[in-house]
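Values in this text are rule-based calculations from the coordinates and carry no lab data. Small disclaimer: the values here were computed from a predicted structure and weren't measured. Every residue, glycine as well, gets a Cβ built from its backbone with ideal geometry; the counts of neighbours run over all protein chains shown.
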Amino acid sequence: MIHTGAPAVGPVNVPVVRTSTVRFPDTETYAAQHHRRAAGERVATYGRHGTETHRALEAAVCALEGGHESFLAPSGLSAIVMVFLGLLSAGDHALVADNVYAPVRRTDKALLQRFGITVDYFRPGREPLAQLVRPNTRLVYLESPSSLLFEVIDLPALAQEARALGLIVAVDNTWSGGLFYRPLSLGAHLSVQAATKYLAGHSDVMQGVVTVDSPALGQRIQAAYDALGLSVGADDAYLVLRGVRTLEVRLTRHFANALQVAEALAGHPAVARVYYPALPSDPGHAVWRRDFTGASGLVSFALRSPDPSAGARVIDALALFGLGASWGGYESLALEAAPERLAEHGCWDRAPGAVIRLHVGLEHPQDLIADVEQALRRL
Ligand SMILES: *Cc1c(COP(=O)(O)O)cnc(C)c1O
């Protein structure tokens, strides 16, 4: 990640090449470039196709994910939309894990349903795919660990089942930043990330990326990107590439900090349950140990208090943890997981109290633990 997509000599960094179009010396060269692009080469004839700044970032993420090709998108959600619209047509059916990143359900309602694509939500590991597939099922869309409760799935087993049924498997890999988990090596065909989170790592840019394992899938993702008229600014691509250079250092620290915070929470009398797969008490721990090489800074915990306002009281008392959605930057954040969202998660059981999701940042772990402990004292 330090060297991939970077120049070997001269300036250390890839230049930020901003342009809305590309000029050619003569019509023959222009036609030849169009031809190469039509044949699937990642060459640009127009600004929307991106420049060498974009290609350098795509090369780095592709190496990280161990894929064939990567494609940038203007946000994580738009990368997910590229997967659905690139792979599904009217009349097709997809199976989506019920603990999926919640806005995917909005995309389903607002877009997929209107275009005749149907989605069923299922509980990974609890419902065999063979009982859920229809003759028109094309895609299984998963996330591991899931958003909010970080439920780990047995991807090798699920992917094997899906492949035997002729289905394409896509996995949202945002949680691991691509560093701690490689879905393509475990049977998935596509890996999607919100680069907004750990790849960028500094809470200053929105971006997404899709990595595919074959040229055929790449053409379909590229076609969706083109048809949707998407574009990623060169400055934004540069910011994410800059984040990628320090991904390993940052994530190692997020992991170390989060583990300490999770352990402190697990031993706290006000806490009913901690959701963090790196804790041996977590139901996903064994699969996490087998398939992952680390854990992210996301830790959720359920309060023992039955008081519905307890979650808000704890969050409002936190000083170092900002209150906000998103995560993956250097700073710590806290958010209450909405009960209606948690109710959609049928995969694992949960404790009855309010659930708070922390993103553990790069502050000193003792400062973070002290902050959480003083906030819990308000209960
Ligand atoms: C944030 C997030 C997304 C969406 O990314 P945006 O860049 O905010 O659109 C997708 N999946 C997961 C798991 C996320 O956490």
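Before moving on, here are some points about what is shown:
- Filtering region 198-227 to residues that are surrounded by fewer than 24 Cβ atoms within 10 Å (Cβ to Cβ) and within 12 Å of the ligand (Cβ to nearest atom) leaves Ser203, Val205, Met206.
- From the list Ala237, Ala258, the one residue that fits, being of a type outside the set (Val, Ile, Thr), over 30 Å from Leu318 (Cα atoms) and assigned to a helix (DSSP H, G or I), is Ala237.
- Scan region 169-189 for residues that are in contact with a Phe, Trp or Tyr (Cβ under 9 Å, 6 or more places away or on another chain) and within 24 Å of Leu132 (Cα to Cα) and the total you get is 5.
- Scanning region 63-75 for residues that are crowded, with 23+ Cβ neighbours inside 10 Å, in contact with an Asp or Glu (Cβ under 8 Å, 6 or more places away or on another chain) and not polar (S, T, N, Q) yields Gly67, Phe71, Leu72.
- Counting only helices (runs of 4 or more DSSP H) that fall entirely inside region 100-184 and contain at least 1 residues that are away from the ligand (no atom under 16 Å from the Cβ) and more than 30 Å from Ala354 (Cα to Cα), the qualifying elements are 129-132, 155-164.
- Test: residue in region 281-296 that is within 25 Å of Arg313 (Cα to Cα), buried (at least 17 other Cβ atoms within 10 Å of the Cβ) and not polar (S, T, N, Q): no
- For region 70-126, the set of residues classified as under 24 Å from Arg182 (Cα atoms) and charged (D, E, K, R) consists of Asp98, Arg123, Arg126, listed by residue number.
- Condition met for Val274 (away from the ligand (no atom under 16 Å from the Cβ), among the hydrophobic types (A, V, I, L, M, F, W, C), crowded, with 21+ Cβ neighbours inside 10 Å and not in a helix (DSSP H, G or I)): yes
- Considering (1) more than 12 Å from the ligand (Cβ to nearest atom); (2) part of a helix (DSSP H, G or I); (3) not small (Gly, Ala, Ser), the lone condition that Leu230 does not fulfil carries the number (2).
- Scanning region 221-237 for residues that are among the hydroxyl-bearing types (Ser, Thr, Tyr) and more than 19 Å from the chain's Cα centre (by Cα) yields a single hit, Ser231.
- Among the conditions (1) within 16 Å of the ligand (Cβ to nearest atom); (2) touching a residue at least 60 places away in the same chain (Cβ under 8 Å), the only one that Ala188 does not satisfy is (2).
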